[in-house]
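Following: one structure in structure tokens, then a few remarks.
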Amino acid sequence: MLFDAIRAELLRFSRHTQAWLWALLVIPVGTAIVGLFFRQFLYGQLQKAEAGLPPRIEEIANAPLGIGAFLVDQASQLAGINLLAFFLIGAATIAAADYRWETWRLIRPSNSRMNLMLGKALAIAAIAIIPLLLFLLCELLGQVISASIEHRPIVLGMDAKLSGTFITMVLTSWLRVVQVGLLALVAATATRSLFGGFVIAIAFGFGTFIVERMFLDFGWKPEEWRTLLLFPSAAYQVVQTFLAHGPVTPATAGKAIIGLLLWIAGPTALTVWLFQRQDLSKE
Amino acid sequence: MNAVISIDNLTKTFGEVRALNGLSLEIPKGGVYGILGPNGAGKSTLFRVLLGLIEPTTGHAEVMGYPIGHTPTLRQIGSMIETPRYPAFMSARECLLWLATAHGQAREVDIDYWLDRVGLTEAAHRKVRGYSVGMMQRLGIAAALMTRPDLVILDEPTSGMDPPGIVEIRGLIRDLVETDGVTVIVASHQLLEVQRMCDRVAILNRGRLAAEGSVAELSQSSAHLRLTASPLAKVMDIVGEAGEISGDTILVNIRREDTAGLIRHLVMEGIDVMEAQWVGADLEAIFIAETRAPSQVQEPAHAV
């Protein structure tokens with residue numbers, strides 16, 4: 001029955017053209033197009049340089065495109081603020097759909113309240129992977145087009161170790177996107193509103209970003225438990241830094257993953273708890 | 001009575017408003033059961049409680065032998081509460097597919113058949129944002145019936161429909177009851193429609209049961225003795241407040257077994273009794289009589 005709830009949510013979302021356009025497509029496609037034009041603009045400027053280019057710049061401009069290294073580089077910062085903000089449109093759309101369209105009374109008899117809400121949470125988790133993969137695909141496509149125009153060689157350069165790093169980075173980014181999406185779920189359930197779900201999640205994300213910076217300025221360390229538990233963005237950065245072989249210990253990365261998972265489990269549990277008590281005649 | 005729904009002393013309050021006020025009712029299995037009542041009588045609240053959308057404040061109710069909110073039981077209920085709404089970006093066909101998927105019956109449900117049954121085949125691929133109220137009602141009825149439920153709860157199912165549509169839906173409901181053995185509970189303000197469609201009715205007033213029985217039983221219990229007699233004034237003197245002049249006749253509200261005694265008394269008093277006939281009340285008269293008392297729905301719920 002949980003799968004029925006997930007399938008129904010995904011079916012309805014798939015028919016909502018505007019939602020998936022804004023939530024899943026705009027940032028990956030838009031970023032890749034802007035990036036491609038920017039790179040071609042730079043390339044044109046470099047070609048026009050009369051005195052020739054400094055050797056280091058020349059080297060960078062003509063460096064082969066290593067697909068593996070490029071993908072890992074992109075995956076390390078995949079869950080960027082733009083992608084998260086636009087994904088919230090999709091998450092809030094799923095979360096608030098039955099309040100928005102007054103359809104709880106139609107589907108409530110079909111399933112338990114817990115399944116219905118977990119169905120929404122898992123549908124959000126399912127669609128969260130789409131903008132991430134699309135982002136990587138579009139960026140890669142942009143790079144391949146650029147390399148072709150610039151006559152740069154393209155090499156795969158993806159061994160097993162790099163593949164592992166890439167997959168782990170994508171999964172961590174997915175956790176981060178899911179975590180932000182679930183904030184929209186809890187906010188939409190509490191406010192019974194799509195707008196409430198979106199705005200509160202955005203405000204929460206922005207607020208925690210400011211507070212995190214303040215606390216780090218006051219002497220909190222990024223690797224401390226309290227930082228990793230209170231600020232999911234910090235936990236995400238710590239895990240990605242660890243995966244990129246930065247100065248983070250495995251123990252700290254483990255703590256950061258726990259922090260991220262708690263930020264997924266907490267809002268989900270809170271949403272189910274709220275929903276179990278809700279009067280569904282007031283949609 | 002083999003009850004499909006048993007309600008015992010059910011109360012639901014919203015702040016200070018008592019929508020259900022100690023309602024007790026048994027709805028038998030099979031047939032079409034009508035729930036009548038003026039606005040605020042508690043009909044929609046009752047349906048919402050039965051469908052697990054809201055929790056009752058006090059009291060107990062069972063649906064098909066299980067306490068309300070029991071999900072496997074709820075899955076055997078098809079329902080339409082007031083005019084349903086659907087995601088505006090979906091077509092009627094997509095809406096039914098979505099609901100069938102939510103119910104775990106995406107493959108089993110014959111969506112085209114149900115669209116045809118409610119007369120929406122031609123509009124099946126149109127977005128529902130352009131649908132009229134009547135079309136939304138038809139879609140809601142298809143949604144309520146398509147999973148072949150054992151119990152169907154319909155709140156104002158023919159609201160917003162044109163007369164042919166009403167006849168069509170009435171036929172569909174009666175057909176379901178007679179061929180599939182489904183129990184249908186209908187709330188409606190259209191008393192004539194209820195009289196035509198329902199086997200039994202309950203009249204709610206102020207969150208309580210005002211009257212219950214088959215349409216024939218209620219009609220008989222509210223029947224009057226119609227007397228054509230002369231002089232009418234002398235008859236009125238004898239029957240007092242039990243009588244009411246209606247044109248050239250007097251309607252007398254007495255027990256049926258007192259008929260012979262009354263007529264004998266009138267004749268002995270020198271009154272010419274030309275005709276005496278027991279007439280049953282129609283549902284509208286019963287409804288008005290049972291719901292005439294001033295509403296107490298707004299009373300504070302101190303007792304809860």
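The table below gives the values:
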item	result
Ratio Rg/Rh [Cα only; Rh per Kirkwood] for region B:224-279	0.89
Coordinate range along principal axes, alpha carbons of region A:203-283, Å, largest first	53, 25, 18
Loop sites in region B:196-276: GluC sites (Glu not before Pro), DSSP, at most 16 other Cβ within 10 Å	B:GLU269
Theoretical ellipticity at 222 nm over chain B - DSSP helices of four or more residues, -39500 (n - 2.57) apiece, nearest 500	-9500 deg cm²/dmol
Number of partner chain Cβ atoms within 10 Å, mean per residue of B:142-149	1
Order by protection proxy (mean Cβ within 10 Å, highest first), peptides A:13-25, B:187-199	B:187-199, A:13-25
Listed pairs A:LYS120/B:LYS12; B:LYS29/B:LYS127; A:LYS120/B:LYS29; B:LYS12/B:LYS127 exceeding 31 Å between Cα atoms	B:LYS29/B:LYS127; A:LYS120/B:LYS29; B:LYS12/B:LYS127
Cα gyration tensor category, rounded, prolate or oblate, for region A:128-247 with a/c compared to 1.5	oblate
Whole-number D in µm² s⁻¹ for region A:2-276, Kirkwood Cα-pair radius fed into Stokes-Einstein, 25 °C, 0.890 mPa s	121
Residue of B:ALA242, B:ALA211, B:ALA41 that the Gaussian network model of chain B assigns the largest fluctuation, springs spanning Cα pairs under 10 Å	B:ALA242
Mean-position separation - Cα centroids, region A:124-191 and region B:67-134, in angstrom	37
Stokes-Einstein D in µm²/s, Kirkwood radius over Cα pairs - the protein assembly as shown at 10 °C with 1.306 mPa s viscosity	55
Mean Cβ neighbour count within 10 Å, used as a protection proxy, ranking B:69-80, B:171-182, A:121-132 highest first	A:121-132, B:69-80, B:171-182
Sorted by Cβ neighbour density within 10 Å, fewest at the top, the residues A:ASP98, A:ASP4, B:ASP272, A:ASP73	B:ASP272, A:ASP73, A:ASP4, A:ASP98
Using alpha carbons only: equivalent-ellipsoid semi-axes of region B:59-117, gyration tensor based, whole Å	26, 14, 10
Neighbour-count order for A:ARG39, B:ARG48, fewest beta carbons within 10 angstrom listed first	A:ARG39, B:ARG48
Sequence-distant aspartates and glutamates (8 or more away, or on other chains) whose Cα lies within less than 17 Å of A:LYS221	A:GLU212
Relative contact order %, chain A, counting alpha carbon pairs below 8 Å whose residues are six or more apart	26
Helix axis angle, A:194-217 relative to chain A longest principal axis, alpha carbon, degrees	60
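None of the figures in this text is laboratory data; all of them are computed from the coordinates on show. Fair warning: this is a prediction, and the values are worked out from it, not measured in the lab. Note that each Cβ is placed from the backbone with ideal geometry, even for glycine, and that neighbours are counted across all protein chains shown.
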